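Every number here is computed from the coordinates shown, using simple stated rules; none is lab data. Model, not experiment: these values are computed from the prediction. All Cβ positions, even for glycine, are placed from backbone atoms using ideal geometry, and neighbour counts span all protein chains on display.
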Amino acid sequence: MTTTVDLRHELLELAAERDALRAQLEGDLPTATRWLQRKVWRQARELDRLNRHVTSQRFVLRTLDELGRSLTAEEFRAARDAISDPQVLDRIEQ
């Protein structure tokens with residue numbers, strides 16, 4: 001369900017996009033570029049957050065498959081601590 005806060009945020013984002021497009025049409029490319037760059041950074045952060053969540057879920061599912069039963073919090077921490085690849089370890093939520 002969309003809340004008032006979500007709608008307000010979307011309205012502000014659309015107004016900022018409108019202003020950036022207007023600046024682009026008026027030849028003010030630095031203003032338009034700054035808005036687009038901030039949008040790219042926001043989307044990259046959100047994508048990273050979602051990727052970390054998916055990586056954690058996959059890790060839990062693989063561990064559950066190996067155990068053949070539910071995973072306790074202690075078992076999750078132990079399995080996470082056993083990961084040797086620092087890049088994979090960094091992607092798994094605590």
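How much net charge surrounds GLN94 when only the other residues with a Cβ under 9 Å from the Cβ of GLN94 are counted, with Lys and Arg +1 and Asp and Glu -1?
Working: positive: ARG77, ARG80; negative: GLU93.
Neighbour charge sum, excluding GLN94 itself: +1.
For region 4-91, the relative contact order comes to 17 percent (Cα pairs under 8 Å, sequence separation of at least 6). Note on the chain: Rg/Rh from Cα positions, Kirkwood definition for Rh, rounded to two decimals, is 1.24. Length gained on full extension, THR63 to ARG77, computed as 0.36 nm times the residue gap minus the Cα-Cα distance: 3.9 nm.
Loop exposure criterion: GluC sites (Glu not before Pro), DSSP state outside H, G, I, E and B, at most 13 other Cβ atoms within 10 Å. Applied to the chain, the longest stretch between such sites is 27-92.
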